[in-house]
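Below is one structure, written out as structure tokens; the observations come after it.
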Amino acid sequence: MHTAAFVRAEGPLLPYGAVRAAAWLAANAQDLGSRAARLGGVALAAPFGLSDPILALRLAWGALRGTSEDRLEILGEEYWETQLRGKLVRVGQDLLERARADGHRVVLVSDHPDCVARHLAEAIRADVLVCNQLELRAGRATGRIADPLASRFGGPALQAFASAHGLSLAGSLAYGTAGTDIALLAGVGRPCAVAPTAELRRAARDLDWPVVAP
Amino acid sequence: MTDRATVPGPAPAGESTAAAPGSVRHALAGRRLVITGFTGFLAKVFVALLLESVPEIGQIYLIVRRRARKEPAVRRFERAVETSPVFRPLRARHGADLATWLGARITVLDGDVERPACELATETLARLTGRIDLIVHCAGLTDFMPDPTEAVSVNVAGAAHVADLATRLGAPLMHISTAYVAGDQGSVTVPESLVVGRSPNGTAFQAAGELCALTLACRAAGADAADRKEAALARARQLGWPNLYTYTKGLAEHLIGDRPGVTIVRPSIVECARTFPFPGWNEGLNTAGPLAWLITTPYRRLPAAPDHRFDVIPVDDVARGMVLITREILEGRGGGVFHLASSDVNPLTFGRCIELTGLAFRRWTRKGGGTPWEQHLIRHLDPVPGPEDADRGIGRWSELLQRARDAADWIEAREDRLGGALADRARGWSRQTSAWLSDVDRVEKMLDLYQPFIHDNDYRFVTDRVRALGRTDPDLRWEVDDICWRTYWVDIEYPGLQRWCIPLIRGERAPTDPPGPTPFRLPHLLESP
């Protein structure tokens with residue numbers, strides 16, 4: 001049985017959430033009219049950012065309905081290179097290096113869709129990537145994020161994943177930052193909150209999880 | 001979307017391995033071919049691929065036209081081998097032995113397809129008669145609107161001369177035409193066939209008679225090339241061809257298409273190489289180059305139908321198809337028409353192509369390419385397909401620039417009253433606005449030329465015949481259905497156009513490879529007429 005270090009991208013590794021990526025892609029739609037309309041759609045997601053992050057994520061990426069797969073792929077790479085690559089969070093990288101040195105496989109869990117998350121996975125040399133998938137039809141985004149959402153990765157999904165990859169969850173690590181990561185952290189033997197939000201900080205205190213601040 | 005990974009082409013056959021029976025190498029071993037048009041983009045790739053994949057080839061006779069007196073045919077060949085990037089794989093493989101290796105396989109014949117018997121010497125003709133297995137006629141003018149006199153001489157008379165030569169030598173002929181001889185037909189599926197004497201719009205005509213009428217019309221139009229072009233274009237349009245290139249290539253097909261032993265090969269829009277000689281290789285001004293250049297100008301709205309097919313085919317895929325067809329002809333299965341195209345199995349639409357070009361431009365400028373103007377402004381304004389209308393959004397630009405130039409000229413004319421410094425500055429503005437106006441004019445002319453291809457017609461070229469050959473050879477395959485257009489366009493085509501084609505549009509020279517320390521010379525003598 002192997003063990004893994006599950007790391008949530010948003011927070012421990014990236015300073016920005018996936019809604020920002022949707023906004024950036026909306027601002028770079030093909031024509032000016034689409035840019036305005038899509039940015040408006042992403043703006044609708046903002047009020048839900050704290051109260052219901054999953055709804056915010058769905059609304060934001062829903063604004064990209066009709067965007068071509070070509071644009072998502074090529075601008076996904078540009079977003080990674082110009083907006084994310086130089087801003088990786090140091091503490092998260094150090095934790096991952098330590099976990100890798102201890103023999104854990106690295107599993108990156110990201111709210112970002114594949115066109116962005118793939119580049120991060122390559123950069124941190126993740127062994128497995130679990131990320132959101134945008135639903136595509138005839139080469140264009142339908143505006144839906146396919147289920148299951150990576151944001152809800154934990155519980156039965158985590159157990160099924162571990163069993164498919166021959167992982168022992170009891171000996172595995174997990175790093176998260178937000179309240180949506182509680183299910184992931186609760187599923188492993190050695191959870192760790194990294195620069196946690198208030199909700200996760202409370203849970204960490206209650207469950208006696210270690211907390212790492214940058 | 002049905003994108004798949006771009007599959008690299010077959011590895012060049014090494015000379016150490018034996019040719020498998022039934023393979024192209026086996027079929028072409030020891031064969032003698034005559035090839036015209038070597039100095040063009042496609043023929044060079046075909047010859048290089050042939051030498052690379054069939055090292056056992058018997059002999060390739062290249063009919064090359066001498067360039068005035070200072071550059072004989074053989075020197076043109078040697079210079080190409082020395083400096084053309086298409087020969088990089090052969091230069092790398094054979095190093096200092098290349099001249100000897102090529103000398104055993106290549107003979108350069110000083111000739112001219114515009115002359116009867118290609119101007120070959122009588123003794124050369126006598127020596128070649130009955131000893132040639134195939135003539136591949138690649139020579140042609142590919143400008144959309146050339147001087148019709150020249151286009152007729154090269155594309156029509158040239159084809160007839162080469163067909164006559166084939167008859168005289170007793171060899172079959174592979175005539176390279178273009179899929180766009182289909183002309184103006186709207187949205188159609190174009191079969192692999194030719195109905196001799198029936199033009200694209202269904203008019204019955206006789207090619208020889210049309211050729212005479214065209215010659216007379218050009219003569220009547222006088223000495224001005226523009227008038228001749230207008231006169232020829234009027235005839236072309238009457239028969240359903242949108243420009244002089246497709247018209248003259250079409251006439252050539254109708255002139256020689258029903259002769260015995262003639263196989264017509266029609267590539268679609270030949271673009272940058274996918275794998276051979278290396279990804280991105282291109283030469284000269286091709287079709288997508290000007291469109292890619294257009295994307296670098298402030299002009300953002302291309303009058304194109306987004307759902308129409310843009311039938312692009314990488315040059316090395318065309319060359320592979322030609323090698324496969326060569327085997328078919330040599331084994332007695334030639335004749336008729338072969339399309340080498342992508343629109344029936346893996347279509348690329350204009351909408352997608354325009355978006356990919358904009359994205360490729362964006363990536364290219366992000367990585368340091370282009371001017372500050374392109375890097376900071378143009379890259380953020382994606383090109384979009386738009387409806388065709390009389391103005392195309394150009395009129396306003398043109399009017400604005402003309403007013404700016406008039407104002408600059410007005411200031412300049414009042415130098416004595418307004419002062420020398422202001423007049424100097426006005427002279428600069430006037431020059432700049434004139435340059436921009438000339439760009440606007442170029443864009444307009446380009447859109448006129450391209451409109452039939454990017455807006456008016458939507459062709460699906462049937463490629464059943466070449467696809468039937470595609471999977472039969474262990475070394476060479478027709479795998480156009482495997483092309484991932486995103487990878488091809490962004491990683492290969494656009495960088496290739498930027499390196500090899502767009503400099504020519506800007507009036508610069510395309511890069512060449514530096515010649516080696518010792519001049520490359522073929523070991524045998526030039527045969528002169």
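The values are calculated or read from the model by the stated rules, or taken from the named source; none is laboratory data. Here the structure is a predicted model, which is why all the values come from computation and not from measurement. Cβ atoms come from the backbone with ideal geometry, glycine included; neighbour counts cover every protein chain shown. These area figures cover heavy atoms from the full protein model, side chains too; ligands, DNA and RNA do not enter into them. Shrake-Rupley method; radii C 1.70, N 1.55, O 1.52, S 1.80 Å.
Structure data summary
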| item | result |
| --- | --- |
| Unique residue being surrounded by 15 or more Cβ atoms within 10 Å (Cβ to Cβ) and either of a type in the set (F, W, Y) or touching a helix residue (DSSP H, G or I) at 6+ places or on another chain (Cβ under 9 Å) (or both) when the list is B:T215, B:T203 | B:T215 |
| Residue within the stretch B:50-65 that is surrounded by 20 or more Cβ atoms within 10 Å (Cβ to Cβ) and on the phi > 0 side of the Ramachandran plot present | no |
| Evaluation of B:V466 against (1) under 19 Å from the mean Cα position of the chain (by Cα); (2) at pLDDT 95 or above; (3) among the aliphatic types (A, V, I, L, M) (one fails), failing number | (1) |
| The one condition in (1) open to solvent by less than 10 Å² (accessible area, probe 1.4 Å); (2) closer than 17 Å to B:A159 by Cβ; (3) in contact with a strand residue (DSSP E or B) (Cβ under 6 Å, 6 or more places away or on another chain) that B:L194 fails to fulfil | (1) |
| Top-ranked residue in the stretch A:148-167 [being in contact with a strand residue (DSSP E or B) (Cβ under 7 Å, 6 or more places away or on another chain) and of a type in the set (G, A, S); ranked as most open to solvent (accessible area, probe 1.4 Å)] | A:G166 |
| Selection status of A:A21, within 15 Å of the chain's Cα centre (by Cα) and more than 14 Å from chain B (Cβ to nearest Cβ) | yes |
| Number of the exception - A:V188 against (1) of a type outside the set (G, A, S); (2) closer than 30 Å to B:L356 by Cα; (3) modelled with pLDDT of 95 or more | (2) |
| Selection count where residues are more than 28 Å from the chain's Cα centre (by Cα) and among the aliphatic types (A, V, I, L, M), scope the stretch B:335-392 | 4 |
| Members of the stretch B:318-332 that are touching a helix residue (DSSP H, G or I) at 6+ places or on another chain (Cβ under 9 Å) and either more than 12 Å from B:A468 (Cβ to Cβ) or free of Cβ contacts under 8 Å to residues at least 24 places away in the same chain (or both) | B:V318, B:A319, B:R320, B:M322, B:V323, B:T326, B:R327, B:L330, B:E331 |
| Unmet criterion (only one of (1) of a type in the set (A, V, I, L, M, F, W, C); (2) open to solvent by 30 Å² or more (accessible area, probe 1.4 Å); (3) away from every other protein chain (no Cβ under 14 Å)) for A:F6 | (2) |
| Residue match in the stretch B:155-171 (condition: surrounded by 21 or more Cβ atoms within 10 Å (Cβ to Cβ) and closer than 15 Å to B:A232 by Cα) | yes |
| Residue that is modelled with pLDDT under 95 and either among the aliphatic types (A, V, I, L, M) or over 19 Å from A:D52 (Cα atoms) (or both), where the choices are A:A141, A:A174, A:A164, A:A213 | A:A213 |
| Residue within the stretch B:290-298 that is in contact with a strand residue (DSSP E or B) (Cβ under 7 Å, 6 or more places away or on another chain) and under 19 Å from B:T178 (Cβ atoms) present | no |
| Subset tally (residues that are part of a loop (DSSP other than H, G, I, E, B) and not aromatic (F, W, Y)) for the stretch A:166-214 | 18 |
| Members of the stretch B:458-513 that are of a type in the set (S, T, Y) and not in a loop (DSSP other than H, G, I, E, B) | B:Y459, B:T487, B:Y488, B:Y494 |
| Test: residue in the stretch B:98-105 that is part of a loop (DSSP other than H, G, I, E, B) and either surrounded by fewer than 18 Cβ atoms within 10 Å (Cβ to Cβ) or in contact with a Lys or Arg (Cβ under 9 Å, 6 or more places away or on another chain) (or both) | yes |
| Test set (1) free of Cβ contacts under 8 Å to residues at least 40 places away in the same chain; (2) touching a Cys at 6+ places or on another chain (Cβ under 9 Å) - B:W485 fails condition number | (1) |
| Residue match in the stretch A:109-125 (condition: touching a residue at least 40 places away in the same chain (Cβ under 8 Å), open to solvent by 10 Å² or more (accessible area, probe 1.4 Å) and in contact with a Ser or Thr (Cβ under 9 Å, 6 or more places away or on another chain)) | yes |
